[in-house]
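The values are calculated or read from the model by the stated rules, or taken from the named source; none is laboratory data. The structure presented is a predicted model; accordingly, all values stated were derived computationally and were not measured. Methodologically, a virtual Cβ is constructed for each residue, glycine included, from the backbone with ideal geometry; neighbour enumeration extends over all protein chains shown.
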Amino acid sequence: MGVDIVIHAAALKQVPACEYNPIEAVKTNIDGAANIIDAAIDNGVEKVMAISTDKAVHPVNLYGATKLVAEKLFLQANSYAGLRKTVFSCVRYGDVVGSRGSIVPLFLEQRDNGRVTITDERMTRFWITLEQGVHFVIDCLDKMRGGEIFVPKIPSMKVTDMADAIAPGAEREIIGIRPGEKLHEIMLTEEEARHTMEFDNSFIVTLKRLSGNNDCVKGGKSVAEGFKYTSDNNSWWLTKEELKRMVEGL
């Protein structure tokens with residue numbers, strides 16, 4: 001029995017771990033992506049979707065740099081596939097609430113001590129739940145034709161608001177921004193905007209011809225010149241009550 005769909009979600013994803021062991025990060029996130037591509041083409045897999053991250057956009061750490069390369073490999077893999085049936089695309093989204101190594105489990109752990117550590121009070125991040133991410137990927141699998149980057153519209157939140165929601169009344173200790181960390185994350189750049197179509201719940205970046213003849217972008221509209229989608233210019237902000245509901249049960 002053959003395999004029709006592959007979702008490539010494997011990665012060495014924690015920024016400090018990648019900085020500490022860069023060779024392993026390259027082997028896992030870049031060489032691993034190349035292995036998936038080769039295996040999928042050789043075995044006639046129909047659709048292959050890679051899970052990427054906002055940290056791949058204008059990366060300032062090794063993790064983001066390896067995911068940027070993985071994105072490029074997957075998009076260009078459509079040329080490697082040639083006339084064979086395998087097509088490749090990417091989904092790019094923000095931090096997953098409660099995922100291993102994220103700030104939410106850290107704040108949950110620290111609140112019992114009455115003190116939370118914050119790197120910089122100005123910091124903002126995009127947030128998505130695991131369930132939302134899964135549903136978005138499944139939806140994009142149906143739409144993909146090969147060569148697209150799918151970006152969901154998701155809310156942002158200030159790190160200080162997260163601390164207040166998870167550990168209300170806790171003392172804040174400002175520890176300073178860490179190497180490889182941004183104040184704000186970028187989901188779409190101004191350069192990518194030239195190849196981006198906007199929909200009600202997402203954006204699609206594609207280097208293919210943006211026209212009504214391209215099935216995946218039907219019903220979309222071109223974004224404005226100079227548009228960029230960042231966690232601090234977002235029009236959708238997560239409330240403290242919404243975050244509390246997200247972290248229930250973690």
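For the reader, a short list of remarks on this structure follows.
- Selection within region 101-128: residues that are charged (D, E, K, R) and assigned to a strand (DSSP E or B). The member of this set that is nearest to D232 (Cα to Cα) is R125.
- A search for C-beta distances below 7 Å between a residue of region 1-25 that is farther than 19 Å from S99 by Cβ and any residue that is aromatic (F, W, Y) and in a loop (DSSP other than H, G, I, E, B), counting only pairs 6+ apart in sequence or on different chains, returns nothing.
- Condition check for S79: touching a strand residue (DSSP E or B) at 6+ places or on another chain (Cβ under 7 Å), among the hydroxyl-bearing types (S, T, Y) and at pLDDT below 95: no
- Region 116-163: number of residues that are without any contact (Cβ under 8 Å) to a residue 24 or more places away in the chain and over 18 Å from the mean Cα position of the chain (by Cα): 1
- Taking region 56-76 as the range and being outside any helix (DSSP H, G or I) and basic (K, R) as the test, no residue passes.
- Qualifying residue in region 228-242 (condition: in contact with a helix residue (DSSP H, G or I) (Cβ under 8 Å, 6 or more places away or on another chain), modelled with pLDDT of 95 or more, among the aromatic types (F, W, Y) and assigned to a loop (DSSP other than H, G, I, E, B)): no
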